[in-house]
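What follows is one structure encoded as structure tokens, with my remarks underneath.
The values are calculated or read from the model by the stated rules, or taken from the named source; none is laboratory data. None of these values were measured; they are calculated from a predicted model. So basically every Cβ, Gly included, is an ideal-geometry build from the backbone, and we count neighbours across all protein chains shown.
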Amino acid sequence: MSQNQRPHYRIAPSILSADFARLGEEVKSVIDAGADWIHFDVMDNHYVPNLTFGPMVCKALRPYAKKADGTAVPIDVHLMISPVDALAAEFADAGADLISFHPDASAHVHRSVQAIKAKGCQVGLVFNPATPLDVLDWVIDDLDLILIMSVNPGFGGQSFIDSALRKLEQARKRIDATGKDIRLEIDGGVKVGNIRQIADAGADTFVAGSAIFNTPDYQAVIAQMRAELA
Ligand code: DX5
Ligand code: ZN
């Protein structure tokens, strides 16, 4: 897909920076504030040095992930876990819409991709700041999403790593060469002040955790991000 045919931008707040004591309300608030997707960061204290939430929490939040008119809002599950396959299947059963994993966390990337698709979910691959895109040579046609990490995975509130812009440009070229509708998502350090530059590098989907949840007015931040993208 070429630059001017690019589908609409999506803003995907990461509930990693939400109030964990009130997760349902937080999901509802951020959707009322204009969130397009809910980004759900799964960490296992093995692939990354942090531990968050599993399929039971995803299932509990599923009823909250809808707009006021009842339209479902996609839950974008970002797996930072190894191994991948067993839990990915559980997330599909728990109501995930998209499931992304890190290729270096799966012994058999192609098999994991097919297994997620077979469960009826959209599938994405996630690339860490120092991970090359080479694996895309072999699986890009099967993907719905490519997620570029602009921080090392594990924590919210880190600074954007600039080399991610170059990687976005490379990923955008690869996506456009397929002619397919594959989303290009960025995750880590996204703010009102850099979202335009990130979009210009090729991203169409923006994860933002601390930039949204560490402010009192989610709607204002999301509106400012959309204004930058307009
Ligand atoms: C980091 C997670 C991110 C995180 C981003 O491992 O994948 O989704 O929540 O947080 P911010 O937007 O604060 O950098
Ligand atoms: Zn994430």
(request) Among the numbered conditions (1) free of Cβ contacts under 8 Å to residues at least 24 places away in the same chain; (2) small (Gly, Ala, Ser); (3) touching a strand residue (DSSP E or B) at 6+ places or on another chain (Cβ under 7 Å), tell me where GLY156 comes up short. (result) (1)
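Only one of GLY179, GLY156 is small (Gly, Ala, Ser) and within 16 Å of ligand 2 (Cβ to nearest atom); which?
The conditions single out GLY156.
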(request) Look through the range 11-24, keep the residues that are touching a helix residue (DSSP H, G or I) at 6+ places or on another chain (Cβ under 8 Å), more than 13 Å from ligand 2 (Cβ to nearest atom) and outside any loop (DSSP other than H, G, I, E, B), and return whichever of them is nearest to GLU228 (Cα to Cα). (result) ILE11
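Each row is one residue, and each column tells you yes or no for (1) at pLDDT 95 or above; (2) in contact with a Leu (Cβ under 6 Å, 6 or more places away or on another chain); (3) within 13 Å of ligand 2 (Cβ to nearest atom); (4) part of a loop (DSSP other than H, G, I, E, B).
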| position | (1), (2), (3), (4) |
| --- | --- |
| LYS28 | yes, no, no, no |
| GLY34 | yes, no, no, yes |
| VAL48 | yes, no, yes, yes |
| PHE53 | yes, no, yes, yes |
| LYS59 | yes, no, no, no |
| HIS78 | yes, no, yes, no |
| ARG111 | yes, no, no, no |
| GLN114 | yes, no, no, no |
(request) Give the residues of the range 129-153 that are within 16 Å of ligand 1 (Cβ to nearest atom) and buried (at least 18 other Cβ atoms within 10 Å of the Cβ), sorted by residue number. (result) LEU145, ILE146, LEU147, ILE148, MET149, SER150, VAL151, PRO153
(request) Among the numbered conditions (1) buried (at least 23 other Cβ atoms within 10 Å of the Cβ); (2) more than 16 Å from ligand 2 (Cβ to nearest atom); (3) not small (Gly, Ala, Ser), tell me where VAL73 comes up short. (result) (1)
